[in-house]
Amino acid sequence: MLSLFVALAHSSLGQYMQTSKWGFALVETVHLLALAILGGSVLIIDLRLLGIILPKESARAIGKDLSRLLLGSLVFLVLSGVAMLSEEALKCYHNPAFRWKMALLAAAIVFYFTLHRKALIHTDKQTPTLWSRTAAVVSLTLWLGVGVAGRAIGLI
Amino acid sequence: MSTLQHVCQLLYDSHIGTMIRESDTAFPIIESVHVLAVTLLVGTIALLDLRMLGIVLRRIPVTQIARTVFPLTWSGFAIMFVSGFLLFWAEAAKNYSNPAFRVKLILLALVGLNPLIFHTTIYRRVHEWEILSTSPWRARAAAVASLTLWSGVIVAGRLIAYF
């Protein structure tokens with residue numbers, strides 16, 4: 001794993017990010033813009049799953065529709081994230097906040113494609129069950145955790 | 001020194017401003033809250049914009065989406081405004097001459113003007129077009145303006161730290 005990070009730091013992307021004056025600022029901005037879209041989509045999907053908003057609309061349809069935004073913004077987040085990582089790959093490798101972020105991100109993605117999706121399909125147009133509500137809370141917590149851990153990378 | 005610059009200097013030198021600036025944790029914590037609030041505000045308003053453009057949730061009436069997101073959007077706005085002001089308080093004297101900060105304020109003024117125009121014009125007749133999967137061009141223009149301006153606010157905001 002470490003050699004992968006070393007290779008990333010020495011790649012042409014890494015070299016560019018480390019020397020360019022505006023590269024990091026630009027990539028960071030893309031990361032933030034995509035974050036807003038991801039955050040909005042996750043929030044709307046999970047509030048529907050909790051039965052707080054749009055109770056008469058199908059949770060399944062909302063989840064399916066907004067998954068395009070969610071996954072689309074996730075692609076931008078990962079790409080800009082890799083570019084930011086290449087600027088200080090070795091520092092991140094040893095950073096506990098970075099490790100937490102990656103673990104939480106993996107958990108959030110796996111949860112999204114499995115139990116969360118099941119809860120959306122199961123709820124559809126009905127009032128959510130306790131299980132669906134729990135899925136929504138877990139999803140919100142995981143995604144928020146990814147963000148908080150991400151913010152902490154620069155602080156510790 | 002202009003009055004505005006003088007006020008910024010007073011804020012900067014004030015007890016609270018200095019406290020936020022010199023604390024190890026205050027600034028990053030407020031900044032994190034600010035980013036989360038921006039996500040809440042822009043993320044939800046973008047959904048309404050994308051709905052009017054006919055990109056997502058096309059089968060749900062525009063008014064229903066608007067009613068759903070507004071409490072979230074306004075909560076985001078309130079938290080963003082308070083946390084943003086605290087950040088400004090700590091850095092006021094530096095921000096005053098920061099070009100990215102000035103651009104951000106101009107964009108914020110414009111982004112406030114946009115819903116004002118939208119709500120007093122095309123949105124008044126929303127009941128005629130709320131169920132259309134793609135809204136009329138005036139509403140789409142407002143949506144594009146909103147998406148562009150809010151993106152600009154985020155870009156300019158992020159760049160404050162680089163000047």
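The values are calculated or read from the model by the stated rules, or taken from the named source; none is laboratory data. Note that this is a predicted model, so its numbers are computed, not measured. Note that each Cβ is placed from the backbone with ideal geometry, even for glycine, and that neighbours are counted across all protein chains shown. Ligands, DNA and RNA are excluded from the accessible area calculation, which covers all protein heavy atoms including side chains. Shrake-Rupley method; radii C 1.70, N 1.55, O 1.52, S 1.80 Å.
Residues satisfying the criterion are absent from the range A:79-91 (criterion: free of Cβ contacts under 8 Å to residues at least 12 places away in the same chain and β-branched (Val, Ile, Thr)). Out of A:Leu74, A:Leu140, one residue alone is in contact (Cβ under 8 Å) with a residue 60 or more places away in the chain and within 17 Å of A:Leu38 (Cβ to Cβ). It is A:Leu140. The set of residues in the range A:61-83 being surrounded by fewer than 14 Cβ atoms within 10 Å (Cβ to Cβ) and within 10 Å of chain B (Cβ to nearest Cβ) consists of A:Arg68 alone. Any idea which residue in the range B:51-65 is nearest to A:Ala59 (Cα to Cα), counting only those that are buried (at least 18 other Cβ atoms within 10 Å of the Cβ) and either acidic (Asp, Glu) or more than 7 Å from every other protein chain (Cβ to nearest Cβ) (or both)? Top of the filtered list is B:Ile65. Yes or no: the range A:87-109 includes at least one residue that is in contact with a Ser or Thr (Cβ under 7 Å, 6 or more places away or on another chain), open to solvent by less than 80 Å² (accessible area, probe 1.4 Å) and either at positive phi or not hydrophobic (A, V, I, L, M, F, W, C) (or both). There is no residue in the range A:87-109 that is in contact with a Ser or Thr (Cβ under 7 Å, 6 or more places away or on another chain), open to solvent by less than 80 Å² (accessible area, probe 1.4 Å) and either at positive phi or not hydrophobic (A, V, I, L, M, F, W, C) (or both). When B:Asn114 is tested against (1) within 14 Å of another protein chain (Cβ to nearest Cβ); (2) without any contact (Cβ under 8 Å) to a residue 40 or more places away in the chain; (3) touching a Ser or Thr at 6+ places or on another chain (Cβ under 6 Å), only condition (1) is not met. Selection within the range B:122-150: residues that are under 18 Å from the mean Cα position of the chain (by Cα) and touching a residue at least 12 places away in the same chain (Cβ under 8 Å). The member of this set that is farthest from the other protein chains (Cβ to nearest Cβ) is B:Ala142.
In the range A:46-61 there is at least one residue that is of a type in the set (D, E, K, R), within 22 Å of B:Leu36 (Cα to Cα), part of a helix (DSSP H, G or I) and in contact with a helix residue (DSSP H, G or I) (Cβ under 7 Å, 6 or more places away or on another chain). Of all residues in the range B:124-150, those satisfying the criterion of being open to solvent by 40 Å² or more (accessible area, probe 1.4 Å) and of a type in the set (Ser, Thr, Tyr) are B:Ser133, B:Thr134, B:Thr148.
Collect the residues in the range A:8-60 that are within 12 Å of another protein chain (Cβ to nearest Cβ), open to solvent by 40 Å² or more (accessible area, probe 1.4 Å) and touching a residue at least 12 places away in the same chain (Cβ under 8 Å), keeping them in residue-number order. Hits for the range A:8-60 are A:Phe24, A:Val30, A:Leu33, A:Leu35, A:Ile37, A:Pro55, A:Lys56, A:Glu57. Taking the listed residues B:Leu41, B:Leu47, the one that is open to solvent by less than 10 Å² (accessible area, probe 1.4 Å) and within 15 Å of B:Phe81 (Cβ to Cβ) is B:Leu41, with no other qualifying.
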